[in-house]
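S.K.: Mind looking over this structure? Questions follow.
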2 protein chains.
Amino acid sequence: MALISIIEDFHPLNNARLLDRAAELVQPLHHHVKEPVGGFKLKERYSPEKEEVVLHKVPHLAMGKGENLCLDFGTHLVGYLTLDLSYTGSHPDAPAFLKLKFAEQISELSENTEDYDGWVSRSWMQEEYIHVDVLPAQLKLPRRYAFRYLKITMMDTSPKYKLVVKHAECLTETSADVGKIKPWTFDGSGSALSADEADRFGRIDEVALRTLANCMQDVFEDGPKRDRRLWMGDLRLQALTNYVSFRNMDLVRRCLYLFGGSRFPDGRVSACVFTEPTVQADDTYLFDYSLFYTVALEEYLSETDDEETLNELYDVAMQQIEMSLRKCERTPEGLVITEDAAKDAFIDWTEGLNKRAAAQAVLIFALRYGRRLARRKNDWSQANYLMEQLELLKKGALAMFWDAERELFVSDGQVSPASQIWMVLADILKPEEANRLMKKVRDALGGQEQSIDASGCPMLTPYMHHYYVAAMLRSGLKDEAREHILAYWGSMVDYGADTFFEAWDPAHPEASPYGGAAINSYCHAWSCTPAYFIRKGLI
Amino acid sequence: MALISIIEDFHPLNNARLLDRAAELVQPLHHHVKEPVGGFKLKERYSPEKEEVVLHKVPHLAMGKGENLCLDFGTHLVGYLTLDLSYTGSHPDAPAFLKLKFAEQISELSENTEDYDGWVSRSWMQEEYIHVDVLPAQLKLPRRYAFRYLKITMMDTSPKYKLVVKHAECLTETSADVGKIKPWTFDGSGSALSADEADRFGRIDEVALRTLANCMQDVFEDGPKRDRRLWMGDLRLQALTNYVSFRNMDLVRRCLYLFGGSRFPDGRVSACVFTEPTVQADDTYLFDYSLFYTVALEEYLSETDDEETLNELYDVAMQQIEMSLRKCERTPEGLVITEDAAKDAFIDWTEGLNKRAAAQAVLIFALRYGRRLARRKNDWSQANYLMEQLELLKKGALAMFWDAERELFVSDGQVSPASQIWMVLADILKPEEANRLMKKVRDALGGQEQSIDASGCPMLTPYMHHYYVAAMLRSGLKDEAREHILAYWGSMVDYGADTFFEAWDPAHPEASPYGGAAINSYCHAWSCTPAYFIRKGLI
């Protein structure tokens, strides 16, 4: 996630009690030392001459001016780098000037940073220029990096010596206890899975859980390369997958307190919360993200029965629904979100996507969770109130967006997959209607169905694909959901993903919603949900 | 100084007793806090739009992507930078990616590092690329810089915020006690100095002493930007100036022990000694530099009468002369340095300079100092031996290099200013001959005399110009020596020097012996000797 909204003189509403609670819930971090499994010199773009190098041979790779050494740490890591540097030749008579480039994907190694001209800050590129004044030296980098590959380039040295990398290691960091996890294996019973499919699901599950673990830090980060922070929409999907894997319940709880503890001045939950140097809500508001707060709290409750947290955060959750309902207008048939309010929804990165139907659907979806919270709290008047609003929203939605003749949801003239998917998740159709609609969506994505504009309004992110799978499961298309996971996330594994990407279109592997693949995050938690579907037994 | 010689498997001869003594003599460093006196934004090459900025206004200079702020610290400093950084706009949602460029001369600010293609490592360029992950932040840079100007460029940020530099300071560092020094004032008696000249000498003296102080660190460094270490030829001139100013005798002593403590395996003093990570002689040998060890020890003794140091380092000093004498061959008339040995002399950066006559002269010069050391040590047999060698060398020199008809020294066919100057310093002519010869050199430098090839073998460094002034003083040309200091060092002051440069040709201010002015050192101690001439009362 990376959004630009600037509110002059933004002063978030902070709740010291909730923030104190969040501070008490800081989780211990687990560390492991990882060393490179190989090395090579990169000569050409995208075609590294792979000389697998045993590390005790590294001294032979003494680097003169302009030379490089690429280290492969074997898989995606998040942590801190230490290099032991020495030299051959005369005593160094000038500093060693190094460039370090950290890459999640091998293709990043040959990207030229200067070529990037996207709208997301190039300051996210994991590159450092470092002068080493005295050799031998142990270089401990203070910043955390997300990477599998490290390219060390000797920018300049004197002709009198060459640099030698004697040892390299990464101290990894995560709040996930990865030792807890057993590989997922298919027990063979009650499923249509073939042995090949089961094996493929096993690999998808492994990559998904590595993705989640590497994003589990002081908070659930969206991506450890970029933006390295807590976004509400991402949190909901991370929490779901965490419940079936690492089960770090207090990390979810901490994040819920953080969102509750610093909000917009009018009480809305921000799309994102900063934790450094102090906790502060971002001045970015997303209609759907604020509603996922209510959803995520309910899901946390049903996993933990943690009544104390319910008591402390219930009002915040209800406030999100109330603020969103205020953005609806009464029609003869019911309640409909205004055009303006719908523009504040995220839904997906798709350009030109009309978000009104999907935003209305997210509100209906969230009300369902809100009502459960109210019942759990024995707040019957609120539960009844939400029930009434739910009915009005459903009726409004059907009247405004449902084209009964074409059996499609139309959002201000546009028929996107996103609108169909979210309306199915909002549960306002009869089961057989939802089933027929999702088949149409699937056919449209496959190019065999033209009534839904899948090419004009493509799904761009694994985040949206999660809701597509969820909608298929909700409408009885279990086989199709399974196939989609194998095809979509499976194609990332085939591409060589150690972790799942922020954005992925199998037909265009290097596409980026940010104006350049070099800025893409190749470990992004909103893409970790196959492990949720798999381990929850939903497929 | 910056030389390339590589000896495979160089193992210096270390003397633990001498190195322990050097370690005991580490000098305390003095620190002062300096803040910028102004700031401006740099738009065009060499023509900064100087908007003098009072520092409390700096917050108005919030920097977006691509913008810069240049700070002027008022004069040349050596030390450590601290920046207090903050922001305007939204909470920073991406790291701040900064480039810091430190410049001794304002012209360096607009140099493009990538354009530099000289033979000295670009790793000496004082530039850093830094990511600041959390704002506000106090950025304390761990490396030491030599600079007056600092250009801070915001390489990238997100559109949501701009960077603000709230405060900047430099903690300066020197082993010179600058508080000891009173400005030099002309007492008006017994000199031909006009009031204007006296004023100009005062300014030259101030710049010279700043040059020396900024090079006085853990050792006498050649230049605090580059190479930041101890060279023997430079040390001799620094020590001379130190004796008439800061009088940090133990720093000279420490340096003499360092050179004595780590030498070539055969006992020769190296041209340069490294002190980090441990003391180690460089594998660079210069014929003249090793002889300056003997000279510098004698000068230290005559300032201090420190017999203990004499006892400990006498053998090292005599060994330098002995090793050099072995590089001479017997001619019918006397002793002459071999062609090969002469090539190992530095003398000056002048390309194509034939160094044989000058090297012979340096050896004669050094023997004079060696003989004084022997006499001081009551080592009469050595004193007599050196006297004999001195006579043989003088006779050999006159026979080999002196053209009695033309009254010029000719070195293998070449008539350079350097050969004349060094032979005058070697003191082998009659006074009136030396006087006539130095007048010819002066006229040749002024373009009025063709018998000496001043344009083909130019003097390139203030180091060589020091010996030119010394030779004029030795041959009775006091007025001419004074005029030359005013003209040569004075032109650097006119050019805006806060400290004196490593290389200087008034006709070509941006010339560099290193292939690019960006790598030049603009504070270089071998150019500090005007203060010696002035304060010693020699002019």
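S.K.: Considering the rotation that carries chain B onto chain A, locate the chain B residue whose Cβ comes closest to its axis and report the distance in whole Å.
M.R.: Closest Cβ on chain B to the axis mapping it onto A, in Å: B:Tyr129, 2.
S.K.: Along Cα-to-Cβ, 7 Å out, sits the label point; list in nm, shortest first, how far the one on A:Arg17 is from those in the other copies.
M.R.: Those separations, rounded to one decimal, come out as 7.9 nm.
S.K.: If you don't mind, there's one more thing I want to ask. Kirkwood hydrodynamic radius of the range B:412-514 from all distinct Cα pairs, in Å? All intermediate terms of the calculation are to be shown ahead of the outcome.
M.R.: Values: mean 1/r = 0.0708 Å⁻¹.
Hydrodynamic radius (Kirkwood, Cα only) of the range B:412-514 equals 14.1 Å.
S.K.: Okay, helix-only estimate at 222 nm for chain B: each DSSP H run of n ≥ 4 adds -39500 (n - 2.57), divide by all residues, round to 500 deg cm²/dmol; what do you get?
M.R.: My calculation for chain B gives -12000 deg cm²/dmol from helical runs alone.
S.K.: From the convex hull of the Cα coordinates of the range B:236-362, what is the mean projected area in square nanometres? Walk me through the numbers before you get to the answer.
M.R.: Numbers: hull surface 36.9 nm².
So the Cα hull casts an average projection of 9.2 nm².
S.K.: Further, regarding this structure: Could you tell me the number of lysine pairs in the range B:275-429 with C-alpha atoms less than 24 Å from each other, where the two lysines are 8 or more residues apart or belong to different chains?
M.R.: 9
S.K.: Quick one: if the Förster radius is 22 Å, what FRET efficiency do A:Arg17 and A:Arg326 give, using the C-beta to C-beta distance and rounding to 0.05?
M.R.: Numbers: r = 26 Å, r/R0 = 1.18.
Between A:Arg17 and A:Arg326 the formula returns 0.25.
S.K.: Could I get the Rg over Rh figure for the range B:285-441? Both from C-alpha atoms, Rh via Kirkwood, rounded to two places.
M.R.: Values: Rg = 15.5 Å, Rh = 15.9 Å.
Rounded to two decimals, Rg/Rh equals 0.98.
S.K.: Could you calculate the FRET efficiency of A:Lys41 with B:Val134 from 1/(1 + (r/R0)^6), where r is the beta carbon distance between them and R0 is 56 Å, rounded to 0.05?
M.R.: The formula returns an efficiency of 0.95 here.
S.K.: Sorted from largest down, what three extents in whole angstroms do the Cα atoms of the range A:156-202 have along their principal axes?
M.R.: 69, 27, 15
S.K.: For the range A:174-217, which chymotrypsin sites (Phe, Trp or Tyr not before Pro) are both in a DSSP coil and crowded by at most 15 other Cβ atoms within 10 Å?
M.R.: Filter output for the range A:174-217: A:Phe186.
S.K.: What residues from the range B:367-396 fall in the zone where the backbone N is under 16 Å from a label point 7 Å along the Cα-to-C-beta line of B:Glu433?
M.R.: Within reach of a label on B:Glu433: B:391-396.
S.K.: With a 1.4 Å probe on protein heavy atoms only, tell me which residues of the range B:148-178 lose at least 30 Å² of accessible surface in the complex relative to the chain by itself.
M.R.: B:Asp156, B:Pro159, B:Lys160
S.K.: Keeping every protein chain present and rolling a 1.4 Å probe, give me the accessible area per residue for the range A:419-539 in Å². Can you show the working numbers first?
M.R.: Numbers: 3860 Å² over 121 residues.
Roughly 32 Å² per residue, with all protein chains present.
S.K.: Another one. Distances from B:Thr113 to the same residue in each other copy, label points 7 Å out along Cα→Cβ, in nm, shortest first?
M.R.: Ordered by increasing distance: 1.1 nm.
S.K.: Translational D (Stokes-Einstein, µm²/s) of chain B at 37 °C and 0.692 mPa s when Rh comes from the Kirkwood sum over C-alpha pairs?
M.R.: Details: Rh = 24.7 Å.
Translational D for this selection: 133 µm²/s.
S.K.: With solvent modelled as a 1.4 Å probe, how much accessible area in total do chains A and B shield from it at their shared surface, in Å² to the nearest 100?
M.R.: Values: alone 21340 and 21360 Å², together 39150 Å².
Rounded to the nearest hundred, the buried surface is 3500 Å².
S.K.: I would also like to ask the following. A:Asp199 label points, 7 Å along Cα→Cβ, one per copy: pairwise distances from this copy to the rest in nm, shortest first?
M.R.: When each copy's label point is compared with this one, the spacings are 9.2 nm.
S.K.: Per residue and in cubic angstrom, what volume does the convex hull of the Cα atoms of the range B:191-230 have? Please list the in-between numbers first.
M.R.: Details: hull volume 3.0 nm³, N = 40.
Value for the range B:191-230: 76 Å³ per residue.
S.K.: Using the Cβ atoms and a cut-off under 11 Å, what net charge is assigned to the surroundings of A:Leu286, where Lys and Arg are +1 and Asp and Glu are -1? Could you put the intermediate results ahead of the total?
M.R.: Values: positive: A:Arg268, A:Lys343, A:Lys355; negative: A:Asp282, A:Asp288, A:Asp344.
It works out to a net charge of 0.
S.K.: Counting only other chains, what is the mean number of Cβ atoms within 10 angstrom of the Cβ of each residue in peptide A:97-106?
M.R.: 1
S.K.: Also, I was wondering about something else. Compute the separation of the alpha-carbon centres of the range A:57-123 and the range A:239-267 and state it in Å as a whole number.
M.R.: Between the Cα centres of the range A:57-123 and the range A:239-267 lies a distance of 36 Å.
S.K.: Right, something else. In debye, nearest 20, what is the charge dipole magnitude of the protein assembly as shown about its Cα centre with +1 on Lys and Arg Cβ and -1 on Asp and Glu Cβ, if you could check?
M.R.: It works out to roughly 1080 debye.
S.K.: When the scattering of the protein assembly as shown is computed by the Debye formula from its Cα atoms alone, each counted once and equally, what is log10 I(q)/I(0) at q = 0.06, 0.08, 0.09 Å⁻¹?
M.R.: -0.61, -0.87, -1.00
S.K.: Percent of alpha carbon pairs in the range B:279-342 separated by more than 16 Å?
M.R.: 57 percent
S.K.: Hey, another quick one. Do any GluC sites (Glu not before Pro) in the range B:284-367 lie in a loop, going by DSSP, with at most 15 other beta-carbon atoms within 10 Å of their beta carbon, and if so which?
M.R.: Qualifying residues, ordered by number: B:Glu333, B:Glu351.
S.K.: Considering Cα pairs under 8 angstrom that are at least six residues apart, work out the relative contact order of the range A:500-539 and quote it in whole percent.
M.R.: Rounded, it is 44 percent for the range A:500-539.
S.K.: Give the whole-number value, in cubic angstrom per residue, of the convex hull volume spanned by the C-alpha atoms of the range A:155-263.
M.R.: 196 Å³
S.K.: Net charge within 14 Å of B:Asp117 by Cβ-Cβ distance, Lys/Arg positive one each and Asp/Glu negative one each, not counting B:Asp117 itself?
M.R.: -2
S.K.: At R0 = 60 Å, how high is the FRET efficiency between B:Gln448 and A:Thr338 if r is their beta carbon distance? Nearest 0.05 is fine. If you can, show how the numbers build up before the last one.
M.R.: Values: r = 92 Å, r/R0 = 1.53.
Once the sixth-power term is evaluated, E becomes 0.05.
S.K.: Further, regarding this structure: List the trypsin sites (Lys or Arg not before Pro) in the range B:448-539 that DSSP assigns to loop (not H, G, I, E or B) and whose Cβ has at most 15 other Cβ atoms within 10 Å. Which are they?
M.R.: Details: sites: B:Arg474, B:Lys478, B:Arg482, B:Arg535, B:Lys536; in loops: B:Lys536.
Sites meeting the loop and neighbour criteria: B:Lys536.
S.K.: Return the carbon/sulfur percentage of the accessible area of the protein assembly as shown, one whole number, probe 1.4 Å, all protein chains in place.
M.R.: On the protein assembly as shown, the fraction of accessible area on carbon and sulfur atoms equals 48 percent.
S.K.: Check the straight Cα-Cα distances from B:Lys180 and name the lysines below 21 Å, setting aside those fewer than 8 residues away within the same chain.
M.R.: Within the straight-line limit of under 21 Å, B:Lys180 reaches these lysines: B:Lys34, B:Lys536.
S.K.: In addition: Using the heavy atoms of the protein chains and a 1.4 angstrom probe, tell me the accessible area per residue for the range B:204-320 in square angstrom.
M.R.: Numbers: 2260 Å² over 117 residues.
Spelled out: the 1.4 Å probe surface of the range B:204-320, per residue, equals 19 Å².
S.K.: Enter the Cα centre distance for the pair the range B:325-382 and the range B:414-435, rounded to the nearest angstrom.
M.R.: Between the Cα centres of the range B:325-382 and the range B:414-435 lies a distance of 15 Å.
S.K.: At 7 Å along Cα-to-Cβ for each site, give me the label-to-label distance between A:Tyr495 and B:Lys180 in nm.
M.R.: Spacing of the two 7 Å Cα→Cβ label points: 6.8 nm.
The values are calculated or read from the model by the stated rules, or taken from the named source; none is laboratory data. Here the structure is a predicted model, which is why all the values come from computation and not from measurement. Glycine also receives a Cβ, built like all others from the backbone with ideal geometry; neighbour counts cover every protein chain displayed. Keep in mind that these areas ignore ligands, DNA and RNA; they rest on the heavy atoms of the full protein, side chains included. Shrake-Rupley method; radii C 1.70, N 1.55, O 1.52, S 1.80 Å.
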